[in-house]
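To start, the structure itself, in C-alpha cells.
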Amino acid sequence: QVQLVESGGGLVQPGGSLRLSCAASGSIFSINAMGWYRQAPGKQREVVATITSGGSTNYADSAKGRFTISRANAKNTVTLQMNSLKPEDTAVYYCNANIVITTSLRGMDYWGKGTLVTVSS
C-alpha cells in the first residue's frame, strides 16, 4: 500500500505565501513524476506543477513566476512553495505521484486526499 499525505494548507491573505508538502510512504520501490493539482469549487481538477525524478519542472501558466515545485527523492517528498497568492488560487490542492511499488514493475498514479488553500482578506 502507498499513501500520500499533504500538509500546509490554510487561510492566507492575498499577496501572502504558503508552503505545501506531500510525503509518500509505503511499499515504494521508486517514484517517477510527482506533482500538484488543484480543484476549485465548481471546476475541474487542473495541474499546477509537476516535477520528474530528475528534477525537470513544468508549471501551469497561472503558476509560473509565483509557485515553485521541488522534491527530495531520499525522503519521498514534494513541496510547492506558493507566493503572491491570489483569491483565484483558492482550491483544494492534491498531491500526485507515479509510484512503482516493490511488487510491481509498473508505475501507477497515487493521489493524496487534498489540502484546502483559501486566499481571502
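The values are calculated or read from the model by the stated rules, or taken from the named source; none is laboratory data. Everything numeric in this text was worked out from a predicted model, so none of it was measured. Neighbour counts run over all protein chains shown; Cβ positions are idealised from the backbone, glycine included. Side chains included, ligands, DNA and RNA excluded: accessible areas come from the protein's heavy atoms. Shrake-Rupley method; radii C 1.70, N 1.55, O 1.52, S 1.80 Å.
Anything in segment 5-25 that is open to solvent by less than 30 Å² (accessible area, probe 1.4 Å) and not in a strand (DSSP E or B)? List them, or say none.
Passing the criteria: only GLY16.
Hey, PHE67 hits all of (1) in contact with a strand residue (DSSP E or B) (Cβ under 6 Å, 6 or more places away or on another chain); (2) under 23 Å from VAL100 (Cβ atoms); (3) not aliphatic (A, V, I, L, M) but one; which does it fall short on?
For PHE67, the failing item is (2).
Taking LYS64 and the conditions (1) part of a strand (DSSP E or B); (2) free of Cβ contacts under 8 Å to residues at least 12 places away in the same chain; (3) among the charged types (D, E, K, R), which numbered condition does it fall short on, given that it satisfies the others?
The failed condition is (1).
How many of the residues making up segment 36-61 are over 15 Å from LEU116 (Cα atoms), touching a strand residue (DSSP E or B) at 6+ places or on another chain (Cβ under 8 Å) and either part of a loop (DSSP other than H, G, I, E, B) or charged (D, E, K, R) (or both)?
4
Taking only segment 26-35 into account, find how many residues are at pLDDT 95 or above and either outside any strand (DSSP E or B) or crowded, with 19+ Cβ neighbours inside 10 Å (or both).
Total satisfying the criteria: 4.
Which one is modelled with the lowest pLDDT among residues in segment 83-119 that are open to solvent by 60 Å² or more (accessible area, probe 1.4 Å) and of a type in the set (A, V, I, L, M)? First the steps, then the outcome.
Going residue by residue through segment 83-119, those that are open to solvent by 60 Å² or more (accessible area, probe 1.4 Å) are 84, 86-88, 102-103, 105-106, 108-109, 111, 113, 116.
In the following step, the residues that additionally are of a type in the set (A, V, I, L, M) were identified as 105, 108, 116.
Details: LEU105: 81, MET108: 95, LEU116: 98.
By that ranking, first place goes to LEU105.
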